[in-house]
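Take a look at the structure set out below.
The values are calculated or read from the model by the stated rules, or taken from the named source; none is laboratory data. What you see is a predicted model, and the numbers here were worked out from it, not measured in a lab. SASA here: full protein model, heavy atoms, side chains in, ligands and nucleic acids out. Shrake-Rupley method; radii C 1.70, N 1.55, O 1.52, S 1.80 Å.
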Amino acid sequence: MIITIKIEKNYGIETAYPSCDQSRLLAKLAGTKTLTRHALDTIAALGYTIHIEHAAPKTFAYLAGA
């Protein structure tokens, strides 16, 4: 089974946010809104494949249509 997460930096700290229904359920099971490195290691040990969703870089280009 594959789960998808999104990595974002918050104040210089990388944080893994769930991006699919399965990863959201696993975060809920862990009692957190994000997935820690330890949780991701445990999820991988259970046989899950972790896919990292790549977000488009945030630039001023998105303001062109505003």
For Lys28, Lys6, Lys33, the accessible-area ranking with a 1.4 Å probe, largest leading, is Lys33, Lys28, Lys6
Residue separation between Thr4 and Cys20 times 0.36 nm, minus their alpha-carbon distance, gives in nm 5.2 nm
